[in-house]
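Let me begin by presenting the structure, written as structure tokens, before commenting on it.
The values are calculated or read from the model by the stated rules, or taken from the named source; none is laboratory data. All values reported here derive from a predicted model rather than from experimental measurement. Cβ coordinates were reconstructed from backbone atoms using ideal geometry, including for glycine residues, and neighbour counts include every protein chain displayed.
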Amino acid sequence: MEPMAVQEDGPPPPCPAGDPYDPAGDPPCDRRRGRPRSAAAEAAITDAVLALLAEGHGIADLTIEGIAQRAGVGKATVYRRWPGKDALLAHVVAQVELPVPELPGDSVEDDLVRLCDHIREHAAGEATSGLLRSVIADMRCHPALFAQYKRIVVDRRREALRRVLERGVASGEIRDDVDLQVLGQALAGPMLAGTVLREGTAPTRETAARVVDLVLNGARPRG
């Protein structure tokens, strides 16, 4: 199967008159309220990407021209900050990622519930659900973007889960013959499936607690 062609725009044109984020143009309303012009432009562009993805546009459908139009800026404003679409999307991935929550460390089960609920919250978020679905759907056509998403989002959560599970093995709450990678996937999978695939009732924090209880029951010492 041939990879989908990525639509991309040509070299950046001169910034059009009236672009509120053009340094040569009129200052935007946000600047009059004291907000830095560059921050306002980046926020508008990031929001435009997320809105387009949430509406069902795939990554291959996005163009710099369409993003700029949705953000209310000129194409040159986008190109000043990112050399192309993939760089912009990598920025968006980093911007919307939620930090892994602080874990008290008192209870392995409680910490796992916190982490699973964090995964659910991120996947179900209005700003992130469209991005996550698009990255998963187009990852074969955009391996560099998927690698960025994996590094920023997936690997951080996987590492947090691994540390808690290893603590459970050390404390005797989890058997030492359990494959911790499979165990982590069993914990995160239902959170992602219920939000990204939108199958059945959307998962809640109570869902996270039930999943952790079921998975740990199969991983606890026997007898």
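Looking at this structure, is A160 in contact (Cβ under 8 Å) with a residue 40 or more places away in the chain and closer than 22 Å to V93 by Cα?
When the stated conditions are applied, A160 passes them.
Take D176 and tell me if it is out of contact with any Cys (no Cβ under 8 Å at 6 or more places or on another chain), among the charged types (D, E, K, R), over 30 Å from L62 (Cα atoms) and free of Cβ contacts under 8 Å to residues at least 40 places away in the same chain.
So D176 fits the description; yes.
Only residues that are of a type in the set (G, A, S) and modelled with pLDDT under 95: list them for region 169-183, please.
Just the residues of region 169-183 that are of a type in the set (G, A, S), to begin with: 170-172.
Those that are of a type in the set (G, A, S) and modelled with pLDDT under 95: S171, G172.
Please give the number of the condition V93 fails out of (1) outside any helix (DSSP H, G or I); (2) at pLDDT 80 or above; (3) under 26 Å from S129 (Cα atoms).
(1)
So which residues in region 102-138 are surrounded by fewer than 19 Cβ atoms within 10 Å (Cβ to Cβ) and more than 15 Å from the chain's Cα centre (by Cα)?
Of everything in region 102-138, those that are surrounded by fewer than 19 Cβ atoms within 10 Å (Cβ to Cβ) and more than 15 Å from the chain's Cα centre (by Cα) turn out to be E102, L103, P104, G105, D106, S107, E109, D110.
Could you say whether any residue in region 132-142 is at pLDDT 85 or above and assigned to a helix (DSSP H, G or I)?
no
Looking at this structure, is A87 free of Cβ contacts under 8 Å to residues at least 24 places away in the same chain, of a type in the set (G, A, S) and part of a helix (DSSP H, G or I)?
Working: free of Cβ contacts under 8 Å to residues at least 24 places away in the same chain: yes; of a type in the set (G, A, S): yes; part of a helix (DSSP H, G or I): yes.
Considered against the rule, which asks whether it is free of Cβ contacts under 8 Å to residues at least 24 places away in the same chain, of a type in the set (G, A, S) and part of a helix (DSSP H, G or I), A87 comes out as yes.
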